[in-house]
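Participant: Sharing a structure with you now.
Values in this text are rule-based calculations from the coordinates and carry no lab data. Just so you know, these numbers come straight off a predicted model, no measurement behind them. So basically every Cβ, Gly included, is an ideal-geometry build from the backbone, and we count neighbours across all protein chains shown.
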Amino acid sequence: MNYNGHVLSGLLTYPLVVLFASFLKHYANIPFELSLMAMIFGYGVYVLGADLPDLDHPEALIHRGIKPIVSVFVGSAVFIRIRDYVSFGNETWMDGGVAWVVGALFAVGAWYAFSAMLPKHRGIVHSLTFATIYGLSVFALCRHGLVFKFGEALFMGFVAFLGYVLHLIVDKEVKLI
């Protein structure tokens, strides 16, 4: 299936996932907290998950979109880390420029490293293992990075996992590893 099909399947099935989570909350006593912010953020990570396994395909829109974002983040992080160490004396105009050049070189390196590190298309990234990693990563980010309540973060990790699994189901490629 293509990008549009994956994203549209995520957009259309999210209400069913919210109903399922509500059912689990009430009848299985899973401590999901379905706050407005958790459901809105959950919608985003669910739909992202519905296309995320195609990250390993060089022609996929998500691959082409995420590669420059990763590169910019790496280059910016390097700039932030080294800017205080680059000095040509008395804060000259060259300090920031040289720090950005070093950051840009790391950004270009990240551009090529990103593609080199990804496995072949429909390899390990198309697996329940990576769906679990995605769900746990979203949970950890929401709980510890964005400081959502435990029940909200649990819900968002759960829907992230299910969005990823949706992609695998639609591709008819559900495998453990």
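Participant: So what is the 222 nm mean residue ellipticity for the chain from helices alone, if each DSSP H run of at least 4 adds -39500 (n - 2.57) and you divide by all residues, rounding to the nearest 500 deg cm²/dmol? Walk me through the intermediate numbers first.
Facilitator: Values: 6 runs with 120 residues, N = 177.
Taking each H run of at least 4 residues, the total per residue is -23500 deg cm²/dmol.
Participant: Using label points projected 7 Å from each Cα along Cα→Cβ, tell me how many nm separate Phe150 and Glu59, to one decimal.
Facilitator: According to this spin-label approximation, the distance is 4.8 nm.
Participant: Provide, for q = 0.11, 0.13, 0.17 Å⁻¹, the log10 of I(q)/I(0) from a solvent-free Debye sum over equal Cα point scatterers in the chain.
Facilitator: -0.58, -0.74, -1.03
Participant: Continuing with this model, one more query. Just check segment 1-105 against the gyration tensor rule for me: Cα atoms, a ≥ b ≥ c as the square roots of the eigenvalues, rounded for a/c under 1.5, and otherwise prolate or oblate depending on whether a/b exceeds b/c.
Facilitator: On the way: a/c = 4.96, a/b = 2.14, b/c = 2.32.
Cα axes put segment 1-105 in the oblate bin.
Participant: Rank-order 74-81, 159-166 by packing density, defined as the average count of other C-beta atoms within 10 Å over each peptide's residues, highest first. Could you put the intermediate results ahead of the total?
Facilitator: Details: 74-81: 16.5, 159-166: 25.6.
Answer by packing, highest mean first, reads 159-166, 74-81.
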